[in-house]
Amino acid sequence: MGVPPHRIAVVVPTPAHSTVAGPLTYRSELPLAPGSLVRVPLGRREVLGVVWGEAVDEAGAAPHGEKPVAGVLEGLPPLAGPWRELVAFAAAYYQRSLGEVALAALPAQLRDLSPQQWQRRLKRPQATCGDAAGPAAPALTAEQSAALAQIAGGSGPFLLFGATGSGKTEVYLQAVGQVLASDPAAQALVMVPEINLTPQLQARFTERFGAAGVVSLHSGMTNPQRLKAWLAAHTGAARIVLGTRLAVFASLPRLALVVVDEEHDPSYKQQEGARYSARDLALVRGKLEGARVLLGSATPSLESWLASERGRYRRLAMPSRIGQGPLPQVSLLDMNLQPRSTVVAPQLVAAIEERITRGEQSLLFLNRRGYAPVLACTACEWKSECPHCSAFRVFHKIDRTLRCHHCGFAERVPRACPQCGNLDIAPLGRGTERLEEHLAQLFAGARRPDGEPARIARIDADTTRAKGALEAQLGEVHSGAVDVLVGTQMVTKGHDFRRITLVAALNADSALFSSDFRAPERLFALLMQAAGRAGRDAGQARRSQMWVQTWHPSHSLFAALARHDYPAFAAAQLAEREAAGMPPFAFQALVRAEARTQEVAQGFLREAAEAARQLPQAHQVTVYPAVPMAVQRVADIERAQMLVESASRPALQRFLAGWQPLLHAQRSRGLIRWAVDVDPLAI
């Protein structure tokens, strides 16, 4: 008699609302280790799967109708146990299928390779780990040394609470260096919130540790680049992985340290598919792998701050800037005292002109790209509404288009009002493109120290679309070729501009009275981070300034900003949140539904709420009524949401797990999709 085939559990890619939540059973002639990658038949397709272990028969399951494994990706080490545990945790916690999370975490090109193509790929020369030592590390300040000593001597998690310009990156570099030196096979993962921050970080790590052992992982890479970097990490050839949120799932079999820079940044939360928080998963991963986790920020999230207050994280304080330069002086400009048409207050114009004549740089940020948010007719009620969304199309003067920033619909600006024929249609409001034009007029006569006219430049999502455009524009700022930089919040994060001595926020009030309870936290972090771009050169720090144009200069948020007092701001916000029973003192999930009509979307949510009443945890959870989303129609699809809240995280998790089958069982005619968002950042 022959040896009976092995029955193995394989995780396969499953659509978001598939009833297949766990592994499927296949048969294999050979035993396969958990974590092995295989090609298996699924319906009429052949797909990549991950072996999850031996198959376990469920009661009533047909025992021997399994299909055979089609092929094995040989020569590739299996995915490690802690990686599989991380994926399983993420799938369960964020209410997604195991296959969706596991396969999305692997490079797209790997998912498409047959075993034969994989063997050809294996024959290419692979990256080898390099230990080329770069320049010697600079001398540390007393605060940096104390932080580093605690990281080396403790288990964490650590919250590095360091002022902008205090040298957090150097602490990351030396913490990574210590880990790599202590174990010749150890690996480190360093995460940043946005792609545009990876090139400068990679330059610093490559300079310190050599190019061979450092790789990047982010969504801006091509599929072959991502596969190459992933393989280098998976095989241990790369000892340092730098990346954005998707890097939290990188296969690092010898992971010893995880660094999450700017840990407060909302970009760490995935907004589609499995809506995971990479910051939170980094903490879970550290626990599973026995790796130290270091979170860093000048303005920590209130969740992390509370955890450090309660002793769950060890807080490491670095309040001083390198070179002992002071933080910028904050000046509030009361716009109630200016004419209503004022764009840039005269005092701010004078301060910027002073910088231009001294050869210093200024940064003005406005979180609204385009020329104007709305184009309107002066004779009738017409405005540039998007026909497919409940939002206005933005006027982009540079190419004379009206463009919806939600669905992407664009068309040329009409010559006359489409409604009444009036030729006088005018822009309302102001975006970065219009601000750049206005500043060019204001400083037309300003001269640099060499007698050349002042140069205004703009950096936002519109000017950086082309490959390499952002790097080129940042290079011009660093070289001193730009005198006044205009941008959205992408220029306020993490950049080490040495020549900027003035930063101004022109429209800081929009988030003060938002219905989103997290808006003040995000605004304070944004303004503190923006202020941190000024005076980073210690020689110029004493004359660095942060200007804020506001209609509410007496608001407590600005009072804390003027003192650079994050702890006071955090204490006030946490007291408000605790009194209102809001996160981090409560735990939330959103159920979102999309349909052709608002009635269908809300009807699905109402039925779901009704079904939830039968769940045993229902008494521990509050289910709020279904409401339209803030932008309720996007690309002709109506969107609604329903908030679910509990004072207990385990109770909420048990409730959501019990609710999932009921949601899957619901059938609503006209429903397009639904999704659960656990720990949502925007409500």
query = Under 7 Å by Cβ, and 6 or more places apart or on different chains, what pairs join a residue from the range 107-120 that is outside any helix (DSSP H, G or I) with one that is of a type outside the set (Val, Ile, Thr)?
reply = Pro107/Asn223; Pro107/Arg226; Pro107/Leu227; Pro107/Trp230; Leu113/Arg121; Ser114/Arg39; Ser114/Gly71
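I'm trying to understand the selection: among the residues of the range 458-476, which are surrounded by 22 or more Cβ atoms within 10 Å (Cβ to Cβ) and closer than 22 Å to Leu201 by Cα?
Correct list: Ile459, Asp460.
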message = Here is a check on your reading of the model: is Arg455 of a type in the set (Lys, Arg), open to solvent by 60 Å² or more (accessible area, probe 1.4 Å) and in contact (Cβ under 8 Å) with a residue 60 or more places away in the chain?
response = no
request  = Run down Ala233, Ala203 and say which single residue is over 20 Å from the mean Cα position of the chain (by Cα) and at pLDDT 95 or above.
outcome  = Ala233
query = If Glu594 passes every condition in (1) exposed (fewer than 14 other Cβ atoms within 10 Å of the Cβ); (2) more than 26 Å from Arg279 (Cβ to Cβ) but one, which one does it miss?
reply = (1)
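Do we have Val482 as in contact with a Pro (Cβ under 9 Å, 6 or more places away or on another chain), β-branched (Val, Ile, Thr) and at pLDDT 90 or above here?
no
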ask   = Looking at the range 477-492, which of its residues are open to solvent by 20 Å² or more (accessible area, probe 1.4 Å) and of a type outside the set (Ser, Thr, Tyr)?
value = His478, Ala481, Gln489, Met490
key: Selected residue [open to solvent by 60 Å² or more (accessible area, probe 1.4 Å), touching a Ser or Thr at 6+ places or on another chain (Cβ under 9 Å) and either farther than 16 Å from Val548 by Cβ or outside any loop (DSSP other than H, G, I, E, B) (or both)] from Arg355, Arg315, Arg340   = Arg315
note = Checked Gly53, Gly65, Gly35 against criteria (modelled with pLDDT under 95 and part of a loop (DSSP other than H, G, I, E, B)); the one match is Gly65
request  = For the range 567-587, indicate whether the set of residues that are assigned to a strand (DSSP E or B) and under 29 Å from the mean Cα position of the chain (by Cα) is non-empty.
outcome  = yes
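Could you tell me which of the residues Leu294, Leu283 is under 16 Å from Val192 (Cβ atoms), in contact with a Pro (Cβ under 8 Å, 6 or more places away or on another chain) and in contact (Cβ under 8 Å) with a residue 40 or more places away in the chain?
Among Leu294, Leu283, only Leu294 is under 16 Å from Val192 (Cβ atoms), in contact with a Pro (Cβ under 8 Å, 6 or more places away or on another chain) and in contact (Cβ under 8 Å) with a residue 40 or more places away in the chain.
Report, by residue number, each residue of the range 458-485 that is assigned to a helix (DSSP H, G or I) and in contact (Cβ under 8 Å) with a residue 12 or more places away in the chain.
Taking the range 458-485 and keeping what is assigned to a helix (DSSP H, G or I), we get 469-479.
Result: Leu470, Glu471, Gln473, Leu474, Glu476, Val477, His478.
Residues are listed down the side, and each one gets a yes or a no for (1) crowded, with 19+ Cβ neighbours inside 10 Å; (2) touching a His at 6+ places or on another chain (Cβ under 7 Å); (3) assigned to a strand (DSSP E or B):
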residue	(1), (2), (3)
Leu363	yes, no, yes
Asn367	yes, no, no
His406	no, no, no
Gly421	no, no, no
Arg430	yes, no, no
Glu437	no, no, no
Qualifying residue in the range 597-609 (condition: buried (at least 20 other Cβ atoms within 10 Å of the Cβ) and under 25 Å from the mean Cα position of the chain (by Cα)) = no
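Assess whether Gly236 counts as being touching an Asp or Glu at 6+ places or on another chain (Cβ under 7 Å) and over 26 Å from Glu303 (Cα atoms).
In short, no.
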query = Of the residues that make up the range 536-544, is at least one closer than 21 Å to Leu197 by Cα and not in a helix (DSSP H, G or I)?
reply = yes
key: Where a residue in the range 320-346 is more than 21 Å from Ile500 (Cβ to Cβ) and touching a residue at least 24 places away in the same chain (Cβ under 8 Å) and its partner, wherever it lies, is among the acidic types (Asp, Glu) and open to solvent by less than 20 Å² (accessible area, probe 1.4 Å), with Cβ under 8 Å and at least six apart   = none
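The values are calculated or read from the model by the stated rules, or taken from the named source; none is laboratory data. Because the structure is predicted, anything quoted here is derived from the model rather than measured. Don't worry about glycine lacking a Cβ; one is built from the backbone with ideal geometry, like all the others, and counts go over all protein chains shown. SASA here: full protein model, heavy atoms, side chains in, ligands and nucleic acids out. Shrake-Rupley method; radii C 1.70, N 1.55, O 1.52, S 1.80 Å.
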